[in-house]
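Comments concern the structure below.
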Amino acid sequence: MKALADGLKRGDRGCIARCISIAEDEPEAFSKLIKGIYDPNRIPRVIGITGPPGCGKSSLIAQLAPIIASHGNKLGIIAIDASSPFSGGSFLGNRIRMEETVSSSNIFMRSIATRGAKGGLAASIMSALITLSCAGFDTVIVESVGAGQADVDILDIASTILLVLAPGLGDEIQAMKAGTMEIADIFVINKSDLEGAYQAKRAITAYLSTLSGPQSKMIANTSCTKKEGIKDLAGMIEKHEKSINTKSFIERAFSMEVNRIAKELLSRRVDGLLARNPHAMSNMLKGRVDPYSAAVKLLDTEKKHGK
Amino acid sequence: MASGRNQKSSRPIRVLLAKPAIDGHDRGVYVLARAFRDAGMEVIYPGLLPTPEEMVRIAIDEDVDVIAISLLNGSHMTIFKKVMELLKKNHAEGIAVVGGGIIPAGDKPMLEKMGVSGNYGPGTPMSDIIDHIKKRARESRSKKW
Ligand SMILES: Nc1nc2c(ncn2[C@@H]2O[C@H](COP(=O)(O)OP(=O)(O)O)[C@@H](O)[C@H]2O)c(=O)[nH]1
Ligand SMILES: [Mg+2]
């Protein structure tokens, strides 16, 4: 463990990689591992990329990453893909678009599976960010799963959020209004080389005009195939980063993380609650106690007995 | 988990799938990838066949248990040899390497000696390949921190 922590501080890639796995698999061991070596003030700022599958998130990251890295940032990339709810396995394919960039610029990139998490990220995301902070990373681009309205967890960790869309997604834009649209700081209409980019921009502008209050949201047109609009987009990201207080994001991220872990620990305590207390079932069946009261009582008694 | 499914407590096997996606053959990549995923593995697929240098860097950064390399064009000896060398050089010899594709029977003992196991040809039942990867992944893990 000591050697691992030392390697992490040195920025050894194998050690970074191992630590992220430990964060995924053994949160308790991870907590011991980072003791004394992590500094909350160094948690990297996160640029979150979300949007429907196939709209070009990975392709965009591949072109944005070198620009952001060239501004003197130590940049990492984390790309999330969904795990199959049936097998628990996952096809982690975001490298297909990014490998060329990653390989030529030597940027550290890691693919992470959701492993059952619902909000478009993985439970280990915060620990992965902490790991990268120990190795000196100050900026991380996170590609979230981005499949719909529920994928808003990125809000908890990212200081700038890009919602990537593509022409022809009119209906998706309509459907998205309730969730993902609200969290975006920058709307990116990628594939602007294709027909319909103008209409997409109009649809978003129309949507923004329905919002009340002052609007700081930006709209970018990009094309990865023509390599157009990427520099402007990078400029918008920096502009947005300058306009916000990054400290408040760390607080938000920490509170999300503590809530998540506390819930997880509680749910472990709840597992098998009835099996351990068979009398509760017979009491319910006899009508002596209703399910709500039974649950409250069981939790209370187990707490008293230090369960 | 919310779905109430019996979530395996152990970490899913992570495997880097390196296979050239030649025209007409590239469905094969997805057949393998899907079979591995359906067997509960996390499959990292980097696209077009990476160079040995890239394979080893990806394998380390992604902390995989196994690199599965499938080759069709007779370049296996040089590629596997290079991968094994680079793993050693980067202190990552704990990562298992499993081979497959079109590999002449005469080359197999050499590959085995290098530490490349499996070396399955076309038509091998998928379950054999998956069982073998699972076995090598277990060995690989026992060597890691
Ligand atoms: N025409 C066009 N195609 C693009 C553009 N950007 C990405 N694509 C293609 O869109 C597909 C999906 O891209 P990908 O980056 O994997 O999307 P993701 O699922 O959002 O990460 C790929 O076939 C890309 O080549 C673009 O600007 N224009
Ligand atoms: Mg992607």
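How many square angstrom of accessible surface are buried between A and B, both sides summed, with a 1.4 Å probe and rounding to 100? Walk me through the numbers before you get to the answer.
Values: alone 15950 and 8440 Å², together 21740 Å².
The contact between B and A buries close to 2700 Å².
From the protein chains alone at 1.4 Å, what is the descending order of accessible area for A:Thr225, A:Thr180, largest first?
On the way: A:Thr225 110, A:Thr180 5 Å².
Correct descending sequence by accessible area is A:Thr225, A:Thr180.
Just the number please: accessible area per residue for chain A, 1.4 Å probe, all protein chains included, in Å². Present the calculation step by step, with values, prior to reporting the outcome.
On the way: 14640 Å² over 307 residues.
That works out to 48 Å² per residue.
List every residue whose amide H lies under 5 Å from the amide H of A:Phe108, counting only residues 5 or more places away in sequence or on a different chain, with H placed 1.01 Å from N in the peptide plane.
For A:Phe108, whose amide H was placed from the backbone, the distant partners under 5 Å are A:Ile77.
Using a Gaussian network model of chain A whose springs link C-alpha atoms within less than 10 Å, name the residue from A:Lys118, A:Lys32, A:Lys201 with the highest mean-square fluctuation.
A:Lys32
If you take every DSSP beta bridge fully contained in chain A, what fraction is antiparallel? Give it as a percent rounded to 5. If you can, show how the numbers build up before the last one.
Details: 2 of 30 bridges.
So the antiparallel bridges amount to about 5 percent of the total.
With a 1.4 Å probe and all protein chains left in place, how much of the accessible area of chain B comes from carbon and sulfur atoms, in whole percent?
On the way: 3890 of 7100 Å².
Summing carbon and sulfur atoms, their accessible area is 55 percent of the total for chain B.
Send over a whole-number figure in Å² for the accessible area per residue of segment B:4-144, probe 1.4 Å. Could you put the intermediate results ahead of the total?
On the way: 6650 Å² over 141 residues.
Ligands and nucleic acids excluded, the figure is 47 Å² per residue.
List every DSSP H helix in chain A whose Cα atoms extend 30 Å or more along the helix's own long axis and whose mean Kyte-Doolittle hydropathy is at least -1.0.
Details: long enough: A:246-270 (36 Å, -0.27).
For chain A, where a helix must reach 30 Å along its axis and average at least -1.0, the hits are A:246-270.
Please report the carbon-and-sulfur percent of the accessible area for chain A; probe 1.4 Å, protein heavy atoms only, DNA, RNA and ligands left out. Each step should come with its number before you reach the end.
Details: 8110 of 14640 Å².
Exposed carbon and sulfur together represent 55 percent of the surface.
R0 = 41 Å: FRET efficiency of A:Asn259 with B:Ala105, Cβ-based, nearest 0.05?
Values: r = 58 Å, r/R0 = 1.42.
According to the calculation, E is roughly 0.10.
Threshold 10 Å², probe 1.4 Å: give the residues of segment A:74-90, in number order, that are less accessible with all protein chains present than with their chain alone.
A:Ser84, A:Pro85, A:Phe86, A:Ser87, A:Gly88, A:Gly89, A:Ser90
Once you have the Cα-Cα distance between A:Asp271 and A:Lys9, take 0.36 nm times their residue separation minus that, and quote the gain in nm to one decimal. Let's see the in-between values first.
Working: separation 262, 0.36 × 262 = 94.32 nm, distance 3.77 nm.
That works out to 90.6 nm of additional length.
Nearest 10 degrees is fine. How inclined is helix B:76-89 to the longest principal axis of chain B, computing both from alpha carbons?
60
At what distance in nm do the modelled label points of A:Tyr198 and B:Lys113 sit from each other, each positioned 7 Å from its Cα along Cα→Cβ?
6.9
How far apart, in nm, are two points set 7 Å out from the Cα along the Cα-to-Cβ line at A:Lys303 and at B:Tyr30?
Going from the A:Lys303 label point to the B:Tyr30 one covers 5.3 nm.
Determine the shielding of peptide B:47-56 by partner chains: average, over its residues, the number of Cβ atoms on other chains within 10 angstrom of each Cβ.
Working: counts 7, 3, 0, 3, 1, 0, 1, 5, 0, 0.
Average per residue, whole number: 2.
Provide the gained length on full extension for the span A:Ser243 to A:Glu28, in nm with one decimal, where the gain is 0.36 nm per separating residue minus the Cα-Cα distance. Mind dumping the intermediate values first?
Details: separation 215, 0.36 × 215 = 77.40 nm, distance 3.65 nm.
Length difference between fully extended and current span is 73.8 nm.
The values are calculated or read from the model by the stated rules, or taken from the named source; none is laboratory data. This structure is a prediction, so every number in the text was calculated from the model and none was measured. We place every Cβ from the backbone using ideal geometry, glycine too, and count neighbours over all the protein chains shown. Please note that ligands, DNA and RNA were not included when accessible areas were found on the heavy atoms of the full protein model with its side chains. Shrake-Rupley method; radii C 1.70, N 1.55, O 1.52, S 1.80 Å.
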